[in-house]
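Comments concern the structure below.
All of the numbers you see were taken from the coordinates with simple rules; none came from a lab. Given the structure is predicted, the values throughout are model-derived calculations rather than measurements. Here the Cβ positions follow ideal geometry from the backbone for every residue, glycine too, while neighbour counts run over all protein chains shown.
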Amino acid sequence: MKKPPDDGSPPPVPAVLVPGSPQARGGAPATRAVDLPALAESLGLAIVDIDFDEAHAPRTDALRLIPRELAEKLHCVPIRVEDDGAIVIAVGRPWEESAIQVEPDVRFHTGRSVRLVIADEAAV
């Protein structure tokens, strides 16, 4: 494999970085946008637009369930509470280890099931 020149620029981030993959084990932190549709498909998650899509704007009842400090630590945003009581959580960096902790940490804190979705990192 050809090594890129060492010009001081950050290494490229793979378009799809799945936890546990060789890229994830040795990959660099994200330095550019990833291909969200490909990433979502590989992880089996839906994509939401929490910036502009009224259907996916964060709801107050969901925001109140998770302390801001926890949401910032996990880099996630609670979106809504479903009819069955599950909380929908948007993650912006699903390739990071913190995203793996979202489901168990939110479930522990709220006592609710968690459904993850992917949103643009800048929106989260």
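A few remarks follow.
- With a Förster radius of 22 Å applied to the beta-carbon distance between A38 and A122, the computed FRET efficiency rounds to 0.75.
- Expressed as a fraction of 2.2 N^0.38 Å, the value expected for a compact globular protein of N residues, the C-alpha radius of gyration of region 66-124 is 1.00.
- For region 45-118, the share of DSSP beta bridges that are antiparallel, to the nearest 5, is 40%.
- Rounded to the nearest 20 debye, the dipole magnitude of region 45-118 is 220 debye, with +1 charges on Lys and Arg beta carbons, -1 on Asp and Glu beta carbons, and the Cα centre as origin.
- Close amide H pairs (under 5 Å, H built 1.01 Å from N) link R115 with I87, V88, I89, residues at least 5 positions away or on another chain.
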